[in-house]
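The values are calculated or read from the model by the stated rules, or taken from the named source; none is laboratory data. Just so it is clear, the structure is predicted and the values come from calculations on it, not from any experiment. Glycine gets a Cβ as well: all are built from the backbone with ideal geometry, and neighbour counts include every protein chain shown. Only protein heavy atoms, including side chains, enter the accessible area calculation; ligands, DNA and RNA are left aside. Shrake-Rupley method; radii C 1.70, N 1.55, O 1.52, S 1.80 Å.
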Amino acid sequence: MVLAPMAGGIGTPALAAAVSEAGGLGSLGAAYLTSGQITEAVADLRARTARPFAVNLFAPGHPAPPTPAQVGAAAAELAPFCAALGLTPPTLPARAAEDFAGQFAAVLEARPAVFSFAFGRLDAGQLAALRARGILSLGTATGLDEARQLARDGVDAVVVQGGAAGGHRGGWEDAGDELAGTLDLTRRAAAALDVPVIAAGGLMIHADIQAALDAGASLAQCGTAFLRADEAGTSAPYRAALAAGMAPTGLTRSFSGRPARGLVNALSAAVRAPLPYPYQNALTRELRAAGARAGEAGVLSLWAGEGYRLGREGTAADLLDHLWPT
Ligand SMILES: Cc1cc2nc3c(=O)[nH]c(=O)nc-3n(C[C@H](O)[C@H](O)[C@H](O)COP(=O)(O)O)c2cc1C
């Protein structure tokens, strides 16, 4: 069992450590952290557990910066939501995302047992640097072509993410992302690759995990199943929306500019012209933070997989024991 990395304050060091302590592989979603914050979070994790854990980043993309007209249109869509929370219309900060090179250097220095990544590929030098430090590498694929590419690159294992998964689509080839079923993709990847496959997406109960292993997976990676864990950083309005179980999930680019699955809410339904990632993510950041403070779930990115209604409350150890009784 792998705890899915969950960037943005949900996958706390306490959650990752609790899963590792209970016999799983905890993951720290570090994509939105500065290099200094990564160093601190890993120290926090190490103070809580001596067991192995993973650190996760988003591989860098190089989207063309949006034009002023595009920024104006995207900001205008967000302006009414900002006004309702007493904020002025959003503007783009000078830096839309953390510098990957700095983040990656902090990970190498911190030397976790495992480094996982999404949104792209690493270059040969980066993979060699991980290998030289004894850090296992896990890449993320949403289709078989991506999975093959990662295996050819030389990763140690491939996370295959089915269409039911909560959070961002972790691949990079939009055209090849067919929202595959998790078990179907697992079966095809396990047959095609000579590296271990880790299944992710909609695995909410023991039987789901058993099915993924039967389909050829070596491990199962679960995110949504831990969103309501005591140790998770999930905000109160987010927890309430998950517990209510009323909203359907859907894929949206509204919050970050990349497709991600979450509970459909006012903001996900309203945005028509998001900027590309990471610009939309930067443009909505202040609004999301204000929404969390005000308890306004309509402007929050409520990432959740299709199986979220099967999620439970409890300690991470209890949830892990429910998913995989020992
Ligand atoms: C709240 C949330 C945040 C996520 N953040 C990340 C992340 O930072 N990095 C990553 O590789 N995957 C991230 N994911 C995707 C997970 O790695 C995984 O694919 C997904 O949780 C599996 O589907 P499930 O949510 O149905 O278990 C996130 C998922 C959720 C629910």
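Descriptive notes on the structure:
- Filtered by the rule that a residue be touching a Leu at 6+ places or on another chain (Cβ under 9 Å), closer than 22 Å to Phe117 by Cα and open to solvent by 50 Å² or more (accessible area, probe 1.4 Å), segment 45-71 gives Arg51, Pro52.
- Neighbours by Cβ (under 7 Å, 6+ apart or cross-chain): first from segment 33-57, assigned to a loop (DSSP other than H, G, I, E, B); second open to solvent by 70 Å² or more (accessible area, probe 1.4 Å) and away from the ligand (no atom under 16 Å from the Cβ): Thr49/Glu21; Arg51/Glu21
- Filtered by the rule that a residue be of a type in the set (Gly, Ala, Ser), part of a loop (DSSP other than H, G, I, E, B) and away from the ligand (no atom under 11 Å from the Cβ), segment 243-263 gives Gly245, Ala247, Ser254, Gly257.
- Neighbours by Cβ (under 6 Å, 6+ apart or cross-chain): first from segment 264-278, of a type in the set (Val, Ile, Thr); second in a loop (DSSP other than H, G, I, E, B): Val264/Ala247; Val264/Pro248; Val271/Ser254
- Residues satisfying the stated conditions in segment 251-277, i.e. among the aromatic types (Phe, Trp, Tyr) and buried (at least 23 other Cβ atoms within 10 Å of the Cβ): Phe255
- Options Val42, Val2; residue that is open to solvent by less than 10 Å² (accessible area, probe 1.4 Å) and more than 12 Å from the ligand (Cβ to nearest atom): Val42
- Test result for Ala18, surrounded by 23 or more Cβ atoms within 10 Å (Cβ to Cβ) and more than 13 Å from the ligand (Cβ to nearest atom): yes
- Residue match in segment 218-226 (condition: closer than 13 Å to Ala157 by Cα, within 14 Å of the ligand (Cβ to nearest atom), of a type outside the set (A, V, I, L, M, F, W, C) and surrounded by 21 or more Cβ atoms within 10 Å (Cβ to Cβ)): yes
- Of the listed requirements (1) under 22 Å from Tyr279 (Cβ atoms); (2) under 16 Å from the mean Cα position of the chain (by Cα), Gly102 misses just one: (2).
- Pro90, sole failed condition from (1) buried (at least 16 other Cβ atoms within 10 Å of the Cβ); (2) more than 27 Å from Ala290 (Cβ to Cβ): (2)
- So Gln103, is it touching a helix residue (DSSP H, G or I) at 6+ places or on another chain (Cβ under 9 Å), without any contact (Cβ under 8 Å) to a residue 24 or more places away in the chain, within 16 Å of the ligand (Cβ to nearest atom) and within 29 Å of Thr224 (Cβ to Cβ): no
- Leading residue by the ranking (most open to solvent (accessible area, probe 1.4 Å)) among those in segment 134-172 that are touching a helix residue (DSSP H, G or I) at 6+ places or on another chain (Cβ under 6 Å) and not small (Gly, Ala, Ser): Asp145
- Residue in segment 187-201 that is within 12 Å of the ligand (Cβ to nearest atom), crowded, with 20+ Cβ neighbours inside 10 Å and more than 28 Å from Pro63 (Cβ to Cβ) present: yes
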